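Engineer: Mind having a look at this structure? Questions to follow.
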Amino acid sequence: MGIKSRLKKGHRLSVPGVFDPFSALVCENQNFDTLYMSGCGVSATLLGLPDAGFVSFSQMNDRLRSIAQVTTSSIIADGDTGFGGLANVEQTVVGYEQSGADAIQLEDQEFPKRCGHTRNRSVISKTEMVEKIRVAKESRASDDFLIIARTDSLGIEGIDNACRRGNDYIEAGADILFIEAPENESQLERICNRFDSIPLVANMVQGGVTPILSDKCLFEMGFSIILHPTYLLGAVYGAISNAARNLKAASPEKVADLGTLNSLLGFDRIWELDERLPQKK
């Protein structure tokens with residue numbers, strides 16, 4: 001069942017941020033049916049750079065395709081600003097849909113973008129973003145491919161203007177609304193009270209601007225999709241740092257062994273195919 005069908009049936013989605021095929025496999029193995037390809041995660045793991053507009057459309061699309069090839073989970077893919085103007089938005093939507101995404105997130109930041117919970121962000125005009133959403137809607141091959149419109153204007157223009165942008169983005173054809181970086185619970189509640197006829201996204205970023213609330217609390221407020229874009233990346237950093245420290249100290253702890261990794265990655269199927277052929281003597 002795709003994201004559109006789940007939302008229509010009233011499902012609420014808690015979505016981990018993944019950044020490569022391995023993290024996607026791990027999450028699918030834990031029964032997550034929807035994944036979020038995080039631009040921050042891809043930038044960190046592919047380039048070792050911050051989420052500041054360094055990753056190109058081609059790099060993101062290649063990473064999306066590699067994730068989609070190993071998982072049956074639905075994928076929400078971070079499309080940043082659409083990687084440029086209207087022609088770039090068209091290319092991004094077409095490419096992401098063909099590569100296996102079920103939804104694309106497009107934001108109204110100026111390029112080069114910045115992580116939505118950091119300083120020095122700026123936004124394009126409302127008129128320009130409306131046209132990006134219209135082009136995105138026109139470019140998709142199926143209505144089942146969802147357009148998530150994100151505004152980063154709250155911290156720049158205030159909650160009222162952010163909500164006005166949200167209204168215009170919905171009228172332009174967005175399927176889901178994402179008002180980034182609310183600063184307190186009151187603003188989160190205000191967003192839900194203002195928009196009660198379209199699915200809403202909340203973004204839980206450890207160390208970010210928005211207070212960390214439980215999925216249950218956010219669902220009760222009225223949010224339909226809760227993103228956890230950096231949670232796994234932070235966990236990976238902690239685990240690798242700890243393991244490297246122990247290894248350096250010549251006191252490595254027990255970790256997942258080769259058999260566990262081979263099972264996750266599907267080596268059983270490789271062996272099964274190998275054994276269909278006569279063994280060499």
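Engineer: Which of these, ALA24, ALA243, ALA44, has the largest mean-square fluctuation under a Gaussian network model of the chain (Cα springs below 10 Å)?
Structural biologist: ALA243
Engineer: Longest exposed-loop-site-free stretch of the chain, with GluC sites (Glu not before Pro), DSSP loop and at most 11 other Cβ within 10 Å? Write out the running numbers ahead of the final one.
Structural biologist: Numbers: sites that count: GLU253, GLU275.
Longest run free of exposed loop sites: 1-252.
Engineer: Right, another one. Compute the length gained on full extension between SER186 and GLU138: take 0.36 nm times their separation in residues and subtract their Cα-Cα distance, giving the result in nm to one decimal. Please list the in-between numbers first.
Structural biologist: On the way: separation 48, 0.36 × 48 = 17.28 nm, distance 3.54 nm.
Here the answer is 13.7 nm.
Engineer: Turning to a different aspect of this structure: Going by the alpha-carbon gyration tensor, a ≥ b ≥ c the square roots of its eigenvalues, is the stretch 1-91 rounded (a/c under 1.5) or, if a/c is not under 1.5, prolate (a/b greater than b/c) versus oblate? Provide the component values of the computation, followed by the final result.
Structural biologist: Details: a/c = 2.13, a/b = 1.38, b/c = 1.54.
Oblate.
Engineer: With just the Cα atoms defining each centre, how far is the stretch 19-44 from the stretch 59-79? Give it in Å.
Structural biologist: 9
Engineer: DSSP loop (so not H, G, I, E, B), at most 13 other Cβ within 10 Å: list which trypsin sites (Lys or Arg not before Pro) in the stretch 177-264 pass both filters.
Structural biologist: Details: sites: ARG190, ARG194, LYS216, ARG245, LYS248, LYS254; in loops: LYS254.
Answer in residue order: LYS254.
Engineer: Let me ask another. Taking the number of other C-beta atoms within 10 Å as the exposure measure, put THR127, THR230, THR71 in order starting with the fewest.
Structural biologist: With the sparsest Cβ surroundings first, the list reads THR127, THR71, THR230.
Engineer: While we're looking at this one, here's another question. For MET37, enumerate residues with amide H under 5 Å from its amide H, sequence gap 5+ or separate chain, H modeled in the peptide plane.
Structural biologist: VAL18, ILE76, ALA77, ASP78
Engineer: With the contact rule set at Cα under 8 Å and sequence spacing of 6 or more, what percent relative contact order holds for the chain?
Structural biologist: Numbers: 470 pairs, mean separation 49.1, N = 281.
Reported relative contact order: 17 percent.
Engineer: So what is the 222 nm mean residue ellipticity for the chain from helices alone, if each DSSP H run of at least 4 adds -39500 (n - 2.57) and you divide by all residues, rounding to the nearest 500 deg cm²/dmol? Each step should come with its number before you reach the end.
Structural biologist: Values: 13 runs with 128 residues, N = 281.
That calculation yields -13500 deg cm²/dmol at 222 nm.
Engineer: May I pose another question? Which order results if LYS113, LYS280, LYS8 are arranged by neighbouring Cβ count within 10 Å, fewest first?
Structural biologist: Fewest to most other Cβ atoms nearby, the residues stand as LYS280, LYS8, LYS113.
Engineer: If you don't mind, there's one more thing I want to ask. Could you compute Rg(Cα) / (2.2 N^0.38 Å) for the chain, with N its residue count?
Structural biologist: For the chain, the normalised Cα radius of gyration is 1.07.
A short reminder: the numbers here are calculations on the coordinates, not readings from a lab. Bear in mind the structure is a predicted one, so any value in this text is a computation, not a measurement. So basically every Cβ, Gly included, is an ideal-geometry build from the backbone, and we count neighbours across all protein chains shown.
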